[in-house]
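A short worksheet on the structure shown next.
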Amino acid sequence: MDISNNILEILSSDSNKYMMLCSGGETHIISDGCSMLCKEEISRNGLTGLHEIVNSKDEFLCKGFLEKLRTTAENGVNNTLECSLRLKTINGDYEYFQVKCTFCRNINESDTMLVEITLLSPEEAYRIELAKVFTNDRSPMQFNKQANKIMEKSPDKDFALIQFDVSKFKVINEQYGESAGDEILEYFTGMMNMICGENQIFTRLSADVFMVLTPYEAEKDVQDMIDRINSSLTGYKNIPYTLYFGASYIIDKNKPLRKYGDEAAMARQSIKGDALKHVCFYNDEMKNRKKKQKYLEDHMEEALNNHEFVMFLQPKYSISLNKIVGAEALVRWINPEKGVISPGEFIPLFEENGFVIKMDHFIWEEACKLIKYWQDSGIQPLPISVNMSRKHFDSENSAEFLDELIKKYGIEKRYLEIEITETIDDINKEKGIDMLKRSGYTLLMDDFGSGYSSLNTLKNTQFDVVKIDRFFLQDLIDSERGQKIVEHTIHMAKDIGLALVAEGVETEAQAQFLEQCGCDVAQGFFYARPMDVDTFQELRDKNI
Ligand code: C2E
Ligand code: CA
Ligand code: CA
């Protein structure tokens, strides 16, 4: 029986149930043909037939769906997957069909794909269209309205909000092309349409952030929904990406839904980049953290004006001479209400909101003032290294800014050194670093050996000094092998003309080991903690 040519005709027949059997690269559709289960092998492209009749608007969804089927098939799972697609009927119109595919692996190892197609009722089709409207980028407002309606309709039901996004979505766009990124998002939208059942709706909040309203009886139901979304949405075209989920229970339906959306967002953001945790439920500790952050943000401008940011100095010692040879400027926030706030609590926040630029400018100026003071009072100036967040490179010409400062205070450039954390980016290509270098500043590569660093980073680098990270030192120093790594790193850096500073030196043994390896400058609690400028001057007086 050759029915492959009659696809369209059969789709338009009276019955609204069809069986489509894909085998050997051909697609057969059999009206109500449940009894005709043939066991034939499907080739890898066995579902090409489906493409020919799918509306182009559902192309990505269909592709994704087939891709998913294929991976399921490769894993040998007898699984049924469903998808709503607009398929062409004989009169050229598109109608919504529920396409249900079951992949069967038979005893004789031949594979069969059973595809059942059901014409959807106008109401069902409308629901899908509606969901599509809600996934429009500008529709979170509508989502809120619709969500409130759903909750009003079921006053005794509990609801939760789930948010999710794709880890490093930007990287996918860069590595696989923007069209791949778009495809993934289209695929998500399509799959979410399928996953969402009664009383569940979703919206797209921004490029890759989705939000879902779901009813639940037990808390496990929310986790189940998350698992379902996760397993349906990951693995598109074998592109490696991870979804991060945040969820919040809607405890008080009278409160604006936005509050719970914010909570779900907070939960999601709290695990961003975490390799082990992909799901987080909102809790009160998060609220406290957020409150604290809000306090910092609300007070940062005022704090800067009131000189609550203070430059501390941590001395750098020559190990062999046991003498202070320089210092690193480290900011402290001395707040009248909260006492001393350490940079770990506010720098990441300021990097996010951009305030780090202003704050750094202030600290750089403090360093210049001190150098000027030393010069004017006949004290031999010591080089002070200041930290420069990489944020500066996005928005300003830091070299120009520093040049102005140097001019304003009439100090020598060599006394102001710049610490920049190395990252995964190709450091050598960065314009900002280039300009600093060309202006003649001494550049220190901060935190070398943490995270992404490799010896490769050192080749052709613009940096003058490598600061060996505390953890690099501490992790390696206890084993013979580790010691060798530190030793060789130091040798290699020196070999290519770089100077070295070891950070976080906490014991005498560490200092001795570094000296043996040829790294003579150390900074760390073994020598001194960061201290205010007056204390630093006293220490220096004693040290001379
Ligand atoms: P960093 O630049 O790596 O600074 C070194 C950090 O290690 C300092 O923490 C210092 O107090 C700490 N440290 C020094 N020796 C030891 C040691 O022996 N043991 C241990 N456990 N820790 C040691 P701090 O002052 O809390 O600063 C944390 C980070 O905040 C800095 O890391 C830097 O990334 C950032 N930061 C500090 N001040 C500024 C600033 O003015 N501007 C910018 N952009 N970032 C800053
Ligand atoms: Ca530093
Ligand atoms: Ca460091």
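Checking the cross-link pairs 237/272; 100/149; 255/287 against a 28 Å limit on the alpha carbon distance flags 100/149 as lying beyond it. Accessible surface for residue 123 stands near 130 Å², nearest 10, in the context of the full protein assembly shown (1.4 Å probe). Accessible surface computed residue by residue for segment 144-236, with neighbouring protein chains in place and a 1.4 Å probe, gives 45 Å² per residue.
Roughly how compact is segment 125-280, stated as its Cα Rg over 2.2 N^0.38 Å to two decimals? If you can, show how the numbers build up before the last one.
Working: Rg = 15.0 Å, N = 156, 2.2 N^0.38 = 15.0 Å.
Normalised Rg, Cα atoms only: 1.00.
Computed over neighbours whose Cβ is under 9 Å from that of residue 443, the net charge equals -2, Lys and Arg +1, Asp and Glu -1. Amide H to amide H distances under 5 Å link residue 330 with 312, 313, 314, where only residues 5 or more positions off or on other chains count and H is placed in the peptide plane. For segment 152-200, the calculated P(r) over all alpha carbon pairs, in 10 Å bins from 0 to the bin holding the longest distance, is 20, 37, 24, 14, 5 percent.
By accessible area, using a 1.4 Å probe on protein heavy atoms only, segment 312-454 has 51% of its surface on carbon and sulfur. Per-residue 3J(HN,Hα) values for segment 401-410, derived from phi via the Karplus relation 6.51 cos²θ - 1.76 cosθ + 1.60 with θ = phi - 60°, read 4, 5, 4, 4, 4, 4, 5, 4, 9, x Hz in sequence order (x marks Gly and Pro). Tell me, what is the Rg over Rh of segment 503-544, with Rh the Kirkwood radius over Cα pairs? Value, to two decimals: 1.05.
Count the net charge of all other residues whose Cβ sits under 13 Å from the Cβ of residue 342, scoring Lys and Arg as +1 and Asp and Glu as -1. Walk me through the numbers on the way to the answer.
Numbers: positive: 292, 332, 338, 529; negative: 345.
Summing Lys/Arg as +1 and Asp/Glu as -1 gives +3.
With all protein chains kept in place, the per residue accessible area of segment 436-515 amounts to 50 square angstrom at a probe of 1.4 angstrom. Per-residue SASA remark: residue 121, around 40 Å² accessible (1.4 Å probe; ligands, DNA and RNA not included).
Compute the Rg/Rh shape ratio of segment 200-314: radius of gyration over Kirkwood radius, all on alpha-carbon atoms. Rounded to two decimals, Rg over Rh is 1.09. Here the extension length gained between residue 180 and residue 227 equals 14.5 nm, from 0.36 nm per residue of separation less the Cα-Cα distance.
What the Cα convex hull of segment 318-403 gives, in volume per residue, is 142 Å³. Accessible surface for segment 349-394, divided over its residues, is 39 Å² per residue with a 1.4 Å probe. Ranking of 252, 446 by solvent-accessible surface, largest first: 252, 446 (1.4 Å probe, protein heavy atoms only, all chains present). When you count the other C-beta atoms within 10 angstrom of each residue and take the mean per peptide, 457-470, 254-267 line up highest first as 457-470, 254-267. Per-residue extension of 0.36 nm, minus the Cα-Cα distance of residue 537 and residue 376, leaves a gain of 56.5 nm for this segment. Per-peptide packing, taken as the mean over residues of other Cβ atoms within 10 Å, places 377-388, 273-284 in the sequence 377-388, 273-284 from highest down. Of the peptides 188-199, 481-492, the order by per-residue mean of other Cβ atoms within 10 Å, starting with the highest, comes out as 188-199, 481-492. Given a Förster distance of 60 angstrom, what is the FRET efficiency for residue 157 paired with residue 484, based on the Cβ-Cβ distance and rounded to 0.05? That gives a FRET efficiency of 0.45.
The values are calculated or read from the model by the stated rules, or taken from the named source; none is laboratory data. Remember, predicted model here, so these are calculated numbers, not experimental data. Methodologically, a virtual Cβ is constructed for each residue, glycine included, from the backbone with ideal geometry; neighbour enumeration extends over all protein chains shown. Side chains are part of the model used for accessible areas, which takes the heavy atoms of the whole protein and leaves out ligands, DNA and RNA. Shrake-Rupley method; radii C 1.70, N 1.55, O 1.52, S 1.80 Å.
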